[in-house]
Amino acid sequence: MRVLAFLFTFLVFVGDALAGTVCIGDRCFSCDGSATCVNGICKCKGVAVEGRGSQVQREPCAGQETVIHANGGGKVATTASVDASVYVSGDSAVCGKAVVSGPARLEGSIVNGSANVSGRTTLENSTVDGSATATNSSISRSTLNGSAKVSNSEVVDSTLNGSVTVEWSKVARSSLNGHTALIRQKIDGEALNK
């Protein structure tokens, strides 16, 4: 229960603190103002995200100037840095001052803030935000926030918040928070807080 309370608080805080892209589970939206999410109901500038008359900015990168990436057709903010070798699918975006390099692949994913994705990393329907990093890893249907670091690992259906470190590990259906460190481990369906 404490983990759920932490995640709830974290998501409300992130939504209020950042104008940009907000993801709850597999639903992401961009807002050009204050975004909040409470009990799975998200609002942009006080207006519900779903339904008619929504004021949600549906373009990625919340109003940042973007260009189309030649390799895949995704959007890249002019303030971000993406190598030509990176594949950015048409339904993906790299926003803020994020850096994506190497032969990385983004499919249905968002990289935001000052996040760094490098090497042979594959992001599938995932979000990497804040100053999180992912190197030579496979990340599917997951969210990395804060200063989470993932290298040489697989992360599936999970959320990593804070200063989490995952190296040479497999994380599935789990929530890792705080200063949790996993090195050469496999976890499934766990909530770890350190």
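The values are calculated or read from the model by the stated rules, or taken from the named source; none is laboratory data. No experiment lies behind these values; they were computed from the predicted model shown. Don't worry about glycine lacking a Cβ; one is built from the backbone with ideal geometry, like all the others, and counts go over all protein chains shown.
Of the strands (runs of 3 or more DSSP E) contained entirely in the stretch 124-194, those carrying at least 1 residues that are assigned by TED's automatic domain parsing to the domain that holds Ser92, buried (at least 21 other Cβ atoms within 10 Å of the Cβ) and in contact (Cβ under 8 Å) with a residue 40 or more places away in the chain fall at 175-177.
Taken together, the residues in the stretch 152-194 that are among the hydrophobic types (A, V, I, L, M, F, W, C) and touching a helix residue (DSSP H, G or I) at 6+ places or on another chain (Cβ under 7 Å) amount to 1. When the stretch 65-85 is limited to residues that are in contact (Cβ under 8 Å) with a residue 24 or more places away in the chain and under 17 Å from the mean Cα position of the chain (by Cα), the one that is nearest to Val128 (Cα to Cα) turns out to be Ala80.
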